[in-house]
Ligand code: F6P
């Protein structure tokens, strides 16, 4: 394993520390005033996405030193190792090859003498054939009816990507098809998703990389009972399919091998929406639409793999995150899509960023020496403006934002779209440049209100504008985030592809579940023991 460089020991890190003093003493107003070419120089166009980085709290010196930091920590070498198929997920000893999922038809990626792109193509082919059959009506339910509602059962990466894509690609979805999602082990989730559905027209996709995840297995049994109660045991074969890497467990559940779509351990759950986990997406938008989405992913992959560091958008975005957390004290990253159709993007990115980079040890097992991944949160604009934007404009915390918009309207209501885009652009302007006390007073505000109505500005944002929201641009956008996450992890020297941090809670929940329905075992601390006892007492009233 190549040892991780401690980024804080590099000369670039020291230079950035000095840069931070200079940046704290200046303003975005001054940076723009001193450089009329700033906006143009800091705007990048990649794969149908225009990214304006100019409203970030950086100058040329900062960018230069961030790029030095990327070089000193070996970001490019690590990227190349990923694309080659090296086992860069060291704690699990796995390759990291989600990029192989979107190699164009006819391409190849030979790893240890085996063409993984050919495996991917074969699965895509069978997904495509199944999709065509369902959409044409060649594949029908047991009563002979067409299957028109897809219920995806899965959680984490087996849910967030497909759900986000279903909403984002609403306009690319065939008429008459729709999807619902069950993730939480809360029975209310299944109840809500199944409410009003006709089992005879429902296709259930059980999505789970491991096919052992407690929530998904519990929900799969609930839904199987719902189907078989209405349609008999024969319903499973026509109404349930599985997506997994675990053929044995799928068979044990009772789903036929011919109704299983596979993928591989080199695809992490949060990097899997373009694998067979995207079966519900393909059913909605068709195999051609899915191919367009993969092409969007691939276009961004090629940019990430080949563009020089100083023009490499994912690398620049990743480095900006490091700048804000390492040098300007930011704790979080706000992602605000100005598009209801992209409303699930923040939730999707929470897993992508926080499960990947929420780590406290380096890939060689030493404690990290700087803060790692930011807390990611967000809501669609303009909803957020009428809620938490107060803090963003006048609060005491620095919250860098990604503001995301789509140029082409996503509804027939074009006047609303003008308003939506006006809000997006105006927010970025207001956050960056604010309104000084002098300007407020000059506008006639009474002097006792001036302090309250002053906007300090200097609040950084990155503006991401998609030409349109299509399968292609969604793929490119998601790949952009995947690779900026990669960049951050590479600089910090962490393993962005494991997720050991979710394990302890799972193990303890299994033990506690036994105690809730069985007898006390423990030992637990007094607080945990009291919560168990309280639940057991409550349960005695209804069990
Ligand atoms: O618990 C975390 C996790 O392992 C995620 O990484 C993953 O996306 C999710 O659970 C679901 O896992 P699976 O697809 O195996 O059901």
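All of the numbers you see were taken from the coordinates with simple rules; none came from a lab. Quick caveat, the model's predicted, so the values are computed rather than measured. Note: ideal-geometry Cβ built from the backbone for every residue, glycine included; neighbour counts use all protein chains shown.
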_Of the criteria (1) outside any helix (DSSP H, G or I); (2) within 24 Å of residue 167 (Cα to Cα); (3) within 20 Å of the chain's Cα centre (by Cα), which one residue 298 fails_ = (1)
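Among 196, 156, 176, which is the only one that is closer than 26 Å to residue 341 by Cα and within 12 Å of the ligand (Cβ to nearest atom)? Reasoning before the result, please.
Numbers: 196 fails: within 12 Å of the ligand (Cβ to nearest atom); 176 fails: within 12 Å of the ligand (Cβ to nearest atom).
The unique qualifying residue is 156.
Restricting attention to region 256-277, and to residues there that are in a helix (DSSP H, G or I) and more than 13 Å from the ligand (Cβ to nearest atom), which single residue is surrounded by the most Cβ atoms within 10 Å (Cβ to Cβ)? Before you say what the answer is, go through the steps one by one.
Initially, region 256-277 is screened for residues in a helix (DSSP H, G or I), giving 257-259, 269-271, 276-277.
Still in the list and also more than 13 Å from the ligand (Cβ to nearest atom): 257-259.
On the way: 257: 10, 258: 9, 259: 17.
Filtering region 256-277 for residues that are in a helix (DSSP H, G or I) and more than 13 Å from the ligand (Cβ to nearest atom), the one surrounded by the most Cβ atoms within 10 Å (Cβ to Cβ) comes out as 259.
Yes or no: residue 508 within 16 Å of the ligand (Cβ to nearest atom), surrounded by 12 or more Cβ atoms within 10 Å (Cβ to Cβ) and free of Cβ contacts under 8 Å to residues at least 40 places away in the same chain? Before the answer, list the steps.
Working: within 16 Å of the ligand (Cβ to nearest atom): yes; surrounded by 12 or more Cβ atoms within 10 Å (Cβ to Cβ): yes; free of Cβ contacts under 8 Å to residues at least 40 places away in the same chain: yes.
Against the criterion (within 16 Å of the ligand (Cβ to nearest atom), surrounded by 12 or more Cβ atoms within 10 Å (Cβ to Cβ) and free of Cβ contacts under 8 Å to residues at least 40 places away in the same chain), residue 508 qualifies.
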*How many residues, within region 236-255, are farther than 20 Å from residue 506 by Cβ, assigned to a helix (DSSP H, G or I) and within 13 Å of the ligand (Cβ to nearest atom)?*
1
*Please indicate, with yes or no, whether at least one residue in region 215-235 is within 15 Å of the ligand (Cβ to nearest atom) and within 18 Å of residue 165 (Cβ to Cβ).*
no
*Only residues that are in contact with a strand residue (DSSP E or B) (Cβ under 8 Å, 6 or more places away or on another chain) and surrounded by fewer than 16 Cβ atoms within 10 Å (Cβ to Cβ): list them for region 444-466, please.*
453
*Could you tell me whether residue 54 is in contact with a helix residue (DSSP H, G or I) (Cβ under 9 Å, 6 or more places away or on another chain) and more than 22 Å from residue 480 (Cβ to Cβ)?*
no
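Across region 452-498, what is the number of residues that are part of a loop (DSSP other than H, G, I, E, B) and within 15 Å of the chain's Cα centre (by Cα)? If you could, list the steps in order and put the result at the bottom.
Going residue by residue through region 452-498, those that are part of a loop (DSSP other than H, G, I, E, B) are 452-454, 456-460, 467-470, 493-498.
Those still in the list that are within 15 Å of the chain's Cα centre (by Cα) too: 496-497.
Result for region 452-498: 2.
If a residue counts only when it is more than 21 Å from residue 169 (Cα to Cα), which helices (runs of 4 or more DSSP H) contained entirely in region 345-448 have at least 1 such residues? Walk me through how you get there before you give the answer.
Working: elements: 345-349, 389-394, 414-433, 437-442.
Once the helices (runs of 4 or more DSSP H) in region 345-448 are filtered for at least 1 residues that are more than 21 Å from residue 169 (Cα to Cα), what remains is 389-394, 414-433, 437-442.
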*So which residues in region 85-104 are in a loop (DSSP other than H, G, I, E, B) and touching a residue at least 24 places away in the same chain (Cβ under 8 Å), if there are any at all?*
85, 88, 90, 91, 92, 95, 96, 97, 103, 104
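So which residues in region 160-173 are more than 13 Å from the ligand (Cβ to nearest atom) and assigned to a helix (DSSP H, G or I)?
Step one: list which residues in region 160-173 are more than 13 Å from the ligand (Cβ to nearest atom), which gives 164-173.
164, 165, 166, 167, 168, 170, 171, 172 - these are the residues of region 160-173 that are more than 13 Å from the ligand (Cβ to nearest atom) and assigned to a helix (DSSP H, G or I).
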*asked:* For the condition farther than 29 Å from residue 12 by Cβ and surrounded by 21 or more Cβ atoms within 10 Å (Cβ to Cβ), what is the one hit in 489, 475?
replied: 475
*Scan 138, 188, 121, 117 and give me the residue that is more than 16 Å from the ligand (Cβ to nearest atom) and either assigned to a strand (DSSP E or B) or over 30 Å from residue 353 (Cα atoms) (or both).*
138
*Here are some residues: 472, 486, 452, 433. Which one is closer than 30 Å to residue 365 by Cβ and touching a helix residue (DSSP H, G or I) at 6+ places or on another chain (Cβ under 9 Å)?*
486
